[in-house]
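Peer 1: Once you've had a glance at the structure underneath, I'll fire off some questions.
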Amino acid sequence: MTTNKFKNRLFGRTRGRSKKKIDIKNYLSKLEKYKLPKFDKNINYILDIGTGYGETSIYLSKYFPNSIIISCEKYIDGNLNLLQKIDTNRIKNIFLHPGNVLEIFENNIKQQYFEKVWIFFPDPWPKKKHFKRRLINVDFLKTIYPFIKNHGQISIVTDSTSYYRFIIKTIFNSKKQYIWKNQHTSHLNFKDYYSFETKYYKKAIISSRKPSLLILEKI
């Protein structure tokens, strides 16, 4: 039997390769200040999953000032970077969840909270034996479905050819729940929609990989 502990396990590193020491007590204190609030069905929320160094959450907070941005990331270095930017720029509409996004779904009533969900550059887990670790699959899209508002959108960006194919198959198997909005256009390039660049976007370009954007809309 699969336990919740195993189901919600997060793979990958929580720290960067830098050996710079951090004050965990201070880190946790800062997180407490921006702790995920109790959801209010009358508020528009945007869920930003796997925010890396926080560039996407900062962008969303600026262009959707009337929405609450939920930044979901376990990477400590990235969260510290985001927290610093929040304090420096006095941002009021970003809150952090430093763990698995599935915990958010499990700890809240199934209601339509999110008008947008962003998943930019999720870990591709390129080895076949690790495919089961990939976030985006049929079960995930089923789990998140009741939390998305009618006609709400999920935006996914990946620079992995293997993961791109995997996601396309997942979309096909979820066609009763979602419409692939940009399927019949030539606009799959990230830069067809956004001008800002994240650290992972820059790494993809340096490595001659083309980031593709897929937009799903809840039926």
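Any read-out appearing in this document is the output of simple, stated calculations on the displayed coordinates, not a laboratory observation. Keep in mind that this is a model prediction, so the values were computed, not measured. For neighbour counting, all protein chains shown are included, and Cβ atoms are generated from backbone atoms with ideal geometry for every residue, glycine included.
Peer 1: Taking the beta-carbon count within 10 Å as an exposure proxy, list F140, F196 from fewest neighbours to most.
Peer 2: F196, F140
Peer 1: Over the chain, with a Gaussian network built from C-alpha contacts below 10 Å, which listed residue (V117, V138, V101) shows the highest mean-square fluctuation?
Peer 2: Judging by the Gaussian network model, the answer is V138.
Peer 1: List the trypsin sites (Lys or Arg not before Pro) in the range 51-146 that DSSP assigns to loop (not H, G, I, E or B) and whose Cβ has at most 13 other Cβ atoms within 10 Å. Which are they?
Peer 2: Answer in residue order: R90, K92, K110, K127.
Peer 1: Ratio of alpha-carbon Rg to the 2.2 N^0.38 Å globular estimate for the range 118-210, to two decimals, please.
Peer 2: It is 1.11.
Peer 1: Would you mind ranking T143, T51 by Cβ crowding within 10 Å, fewest neighbours first?
Peer 2: Fewest-to-most ranking of T143, T51: T143, T51.
Peer 1: What list of ³J(HN,Hα) couplings, whole Hz, do you get for the range 47-52 from phi and the Karplus terms 6.51, -1.76, 1.60, once you set θ to phi - 60° and write x for glycine and proline?
Peer 2: With the stated coefficients, the range 47-52 comes to 9, 10, 9, x, 7, x Hz.
Peer 1: Check the straight Cα-Cα distances from K62 and name the lysines below 18 Å, setting aside those fewer than 8 residues away within the same chain.
Peer 2: K85, K92, K116
Peer 1: Sticking with this one: If you take Rg and Dmax of the Cα atoms in Å from the coordinates, which of [x] 17.7, 57; [y] 16.9, 50; [z] 20.5, 60 do you get?
Peer 2: [y]
Peer 1: Identify the residues of the range 101-138 with backbone N under 15 Å of a label point that sits 7 angstrom from the Cα of T161 along the Cα-to-Cβ direction, or state none.
Peer 2: Under cut-off, by backbone N: 126-127.
Peer 1: Identify all aspartates and glutamates with a Cα-Cα distance to K169 below 15 Å; exclude those on the same chain that are fewer than 8 residues away in sequence.
Peer 2: Reachable aspartates and glutamates: D139.
Peer 1: Moving on to the next point. Arranged by the count of other C-beta atoms within 10 angstrom, fewest first, what order do I76, I109 take?
Peer 2: Taking fewest neighbouring Cβ atoms as first place, the list is I109, I76.
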